[in-house]
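Only one structure is covered here, and it is reproduced in the block below.
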Amino acid sequence: SRAFKGSRTVGSIFINRAQLSSLVFIEHKNKKIDNATLNTITAAKNLGGPVSALVAGSDAQEIAGQVAKLDGIDKVIVANNPIFDNNLAEVITPLLASVHENIKSTHILASHSNIGKRILPRLAAKLDVQQISDIISIENESTFVRPVYAAFPPAIEKDSASPTEETTAPEITAKSVWVKEEVIKADRPDLSSAKIVVSGGRAVKSVEGFKIIQDLADKLGAAVGASRAAVDAGYCDNSLQVGQTGKIVAPQLYIAIGISGAIQHLAGMKDSKVIVSINKDPDAPIFQISDYSMVGDLFKIVPELTEKI
Ligand code: FAD
């Protein structure tokens with residue numbers, strides 16, 4: 001998986017039919033195609049066969065114009081209806097199912113986002129097929145590499161534009177209502193895509209102790225991560241958890257501070273390009289996968305490191 005670091009994973013549904021063709025669900029926001037969707041388009045292109053894209057929502061027409069120009073896209077299907085704004089799975093799923101009914105694609109793809117993760121399992125159940133998640137590479141139409149993170153380069157613009165066509169939405173009664181979106185504004189980079197991640201573990205001992213981690217991260221322009229023990233102890237928000245039950249990251253540089261290196265934590269960061277660990281126990285398991293190991297007290301080493309940087 002090391003070869004695929006840096007970009008994103010996709011989820012896919014595979015419907016076994018002889019003639020390959022793909023349908024990609026296009027995520028977009030503020031009149032812009034979501035970056036992870038560009039990676040997904042490349043994944044669809046790699047599968048082989050024609051690629052259709054489904055764009056839904058009140059901006060669908062405008063986005064369709066952008067999608068049609070992307071390399072890998074052969075056709076754009078537009079569902080121009082405000083009911084599809086905000087990508088509620090309850091309304092997008094029947095739409096995708098109805099489009100699939102018309103075009104009968106062998107693969108349906110969405111990016112590995114919260115939206116994709118809400119839609120594809122529902123769709124898989126509806127179509128009675130298996131969902132394949134966390135794809136980082138495609139061997140052939142039924143063989144996928146799928147452990148951690150990263151995968152396909154983003155789709156680039158081509159010279160011509162593929163045709164776009166309208167689709168009529170099926171009769172949909174929305175059973176859920178979009179209330180609002182609360183975005184936590186962070187000055188730091190997003191943990192999932194940051195080039196550098198600085199993570200703190202149980203050893204920071206307190207919310208104040210965790211500030212040492214944040215200070216170093218800020219100096220490096222890095223995202224902040226944490227072990228589950230640090231999250232469970234309430235030293236930081238659980239959105240920062242890295243690992244099997246948290247976020248999976250593969251940055252250029254991962255700095256693990258006061259983290260022992262439990263297998264569940266490693267599952268979320270072991271594919272980082274360079275791993276630096278600071279731990280007072282020379283036998284800490286994290287050192288086994290570290291490129292640089294510093295044995296010592298984090299309360300001494302980290303502030304000094306931050307100051308010197
Ligand atoms: P510890 O294991 O307690 O390690 C603390 C480390 O800090 C030790 O190595 C110690 O030597 C070092 N230390 C102590 N004081 C200092 C000091 N002053 N200076 C320097 N070093 C010091 N964990 C995750 O992280 N992410 C997950 O997603 C996750 N999912 C899980 C899912 C399941 C189903 C289960 C069962 C567990 C999961 N865990 C997860 C928990 C995991 O097993 C470990 O318990 C956890 O990762 C330990 O966190 P830690 O390394 O911060 O704490």
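The values are calculated or read from the model by the stated rules, or taken from the named source; none is laboratory data. Please read all numbers here as calculations on a predicted model, not as lab measurements. Here Cβ is always computed from backbone atoms with ideal geometry, including for glycine, and neighbour counts include all displayed protein chains.
List the strands (runs of 3 or more DSSP E) inside segment 86-145, counting only whole elements, that have at least 2 residues being among the hydrophobic types (A, V, I, L, M, F, W, C). Where strands (runs of 3 or more DSSP E) fall fully within segment 86-145 and carry at least 2 residues being among the hydrophobic types (A, V, I, L, M, F, W, C), they are 107-111, 131-135, 143-145. Among the residues of segment 291-302, those that are of a type outside the set (A, V, I, L, M, F, W, C) and within 12 Å of the ligand (Cβ to nearest atom) comprise S293, G296, D297, K300. In segment 255-269, the condition of being on the phi > 0 side of the Ramachandran plot and either surrounded by 13 or more Cβ atoms within 10 Å (Cβ to Cβ) or among the polar types (S, T, N, Q) (or both) is met by at least one residue. For segment 227-260, how many residues are over 24 Å from P282 (Cβ atoms) and within 7 Å of the ligand (Cβ to nearest atom)? Residues in segment 227-260 being over 24 Å from P282 (Cβ atoms) and within 7 Å of the ligand (Cβ to nearest atom): 4 in total. Here is the figure for segment 63-109: residues that are of a type in the set (A, V, I, L, M, F, W, C) and either surrounded by fewer than 18 Cβ atoms within 10 Å (Cβ to Cβ) or over 14 Å from T164 (Cα atoms) (or both) total 12. Of the set (1) under 21 Å from the mean Cα position of the chain (by Cα); (2) near the ligand (Cβ under 7 Å from one of its atoms); (3) of a type outside the set (S, T, Y); (4) surrounded by fewer than 20 Cβ atoms within 10 Å (Cβ to Cβ), all apply to D281 but (1). Within segment 284-309, the set of residues being at pLDDT 95 or above, surrounded by fewer than 17 Cβ atoms within 10 Å (Cβ to Cβ) and within 16 Å of L220 (Cα to Cα) comprises P303, E304, E307, K308. Applying the criterion of being within 19 Å of the chain's Cα centre (by Cα) and either without any contact (Cβ under 8 Å) to a residue 40 or more places away in the chain or in a helix (DSSP H, G or I) (or both) to the residues of segment 194-226, the residue that is nearest to the ligand (Cβ to nearest atom) is A226.
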